[in-house]
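One structure is given below, encoded as structure tokens.
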Amino acid sequence: MVFLEIIIFFLGGIATGLIAGLLGVGGGFLLVPFQILLFPFFGVPASLGVKLAIGSSLATVIFTSLVAFRAHNKHGTILWDLLNKIAFGTVLGSGLGAYFAMVMPSVLLEVLFGVLACVIGFYFLFPNILPPDTAPPRPLPSIWLINLVGLSIGLLSAMLGIGGGLLFVPVLVLFFRVSFLQAIGTSSAVTCLISFFGALVFLVPSISHQVYPKALGYLYLPSFFPMMLGSVLAAPLGVRLSRVLSRLLLKRIFALIIITVGVFMILPTILK
């Protein structure tokens, strides 16, 4: 049973790494529902499933986004000026979001995750809503507004275990008029920050007590290690694919995947 658990989560990590490198989204929006779906088969109680999934997802995304960030940086698609300005708000928001996730009801987290994924997915499903990649970028707003954006993205992303790219990519494309490739590259760096500090907060309970056997805080080790290994191995391939596939295809892939995930998260709650 342990071997089967390792193989399944490893394969999930490979799929996540491909998506993370391809779209700059960290992959947490896949890892969270993936673990929630599988945990009952491995005896993890439903009362802890969502929070263990979020904590393990954030920890996995640290390594996935780091590999993707390194690859994108080689291609010069990181907007360092924006990254330096948004870092403080992002880090603060990720810590707050992780704390809220530990104290909020699991059902509420699932619904928020699903709704957010569907809304963003529909933006990218209809390309005419988006500015063309040839549109000139807008000048950056004030440092305070940039950090408020970072705080909001960090809070929501860490709270839902999605790393940050799911929100940061559309914000860069829609409001800052950044090209899709630059949005993907910069998002990988922001995702690394959010997941690192969010995961740290999820480890805090381990100082005082054990949340669940084979878990360190809300980091479930049997899913974390194989997912991390699989995602790290696959992320560079995703980055290479992002430079080959068409922009329109990338946007539609992004949209269809996250809408599917969003519906998957909302439906069980509606049908109860």
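Scan (1) surrounded by 24 or more Cβ atoms within 10 Å (Cβ to Cβ); (2) closer than 27 Å to residue 267 by Cβ for the single condition residue 102 breaks and write down its number. So residue 102 meets the others, but not (1). Out of all the residues in the range 90-99, is one or more assigned to a loop (DSSP other than H, G, I, E, B) and either over 19 Å from the mean Cα position of the chain (by Cα) or buried (at least 18 other Cβ atoms within 10 Å of the Cβ) (or both)? No.
Taken over the range 194-209, the criterion of being surrounded by fewer than 24 Cβ atoms within 10 Å (Cβ to Cβ) and closer than 23 Å to residue 20 by Cβ is satisfied by 196, 197, 200, 201, 203. Scanning the range 63-89 for residues that are in a helix (DSSP H, G or I) and of a type in the set (S, T, N, Q) returns 64, 65, 73, 84.
Looking only at the range 210-240, which residues are closer than 13 Å to residue 184 by Cβ and either surrounded by 15 or more Cβ atoms within 10 Å (Cβ to Cβ) or at pLDDT 85 or above (or both)? 235, 238, 239 - these are the residues of the range 210-240 that are closer than 13 Å to residue 184 by Cβ and either surrounded by 15 or more Cβ atoms within 10 Å (Cβ to Cβ) or at pLDDT 85 or above (or both).
Looking across the range 61-89, the residues that are within 26 Å of residue 139 (Cβ to Cβ), surrounded by fewer than 22 Cβ atoms within 10 Å (Cβ to Cβ) and either of a type in the set (D, E, K, R) or touching a Cys at 6+ places or on another chain (Cβ under 7 Å) (or both) come down to 81, 85.
Checked against (1) surrounded by 20 or more Cβ atoms within 10 Å (Cβ to Cβ); (2) assigned to a helix (DSSP H, G or I); (3) among the aliphatic types (A, V, I, L, M), residue 162 meets all criteria but (2). Residue-level check: of (1) of a type in the set (A, V, I, L, M, F, W, C); (2) over 20 Å from residue 110 (Cβ atoms); (3) more than 17 Å from the chain's Cα centre (by Cα), residue 37 misses just (2).
Remark: residue 151 falls outside the filter, which requires a residue to be modelled with pLDDT under 80, under 29 Å from residue 122 (Cα atoms) and under 16 Å from the mean Cα position of the chain (by Cα). Annotation for the range 11-26: no member residue is assigned to a helix (DSSP H, G or I), over 18 Å from residue 165 (Cα atoms), touching a residue at least 12 places away in the same chain (Cβ under 8 Å) and hydroxyl-bearing (Ser, Thr, Tyr).
The values are calculated or read from the model by the stated rules, or taken from the named source; none is laboratory data. This structure is a prediction, so every number in the text was calculated from the model and none was measured. Positions of Cβ are generated from backbone atoms using ideal geometry, with glycine treated the same way; all protein chains shown enter the neighbour counts.
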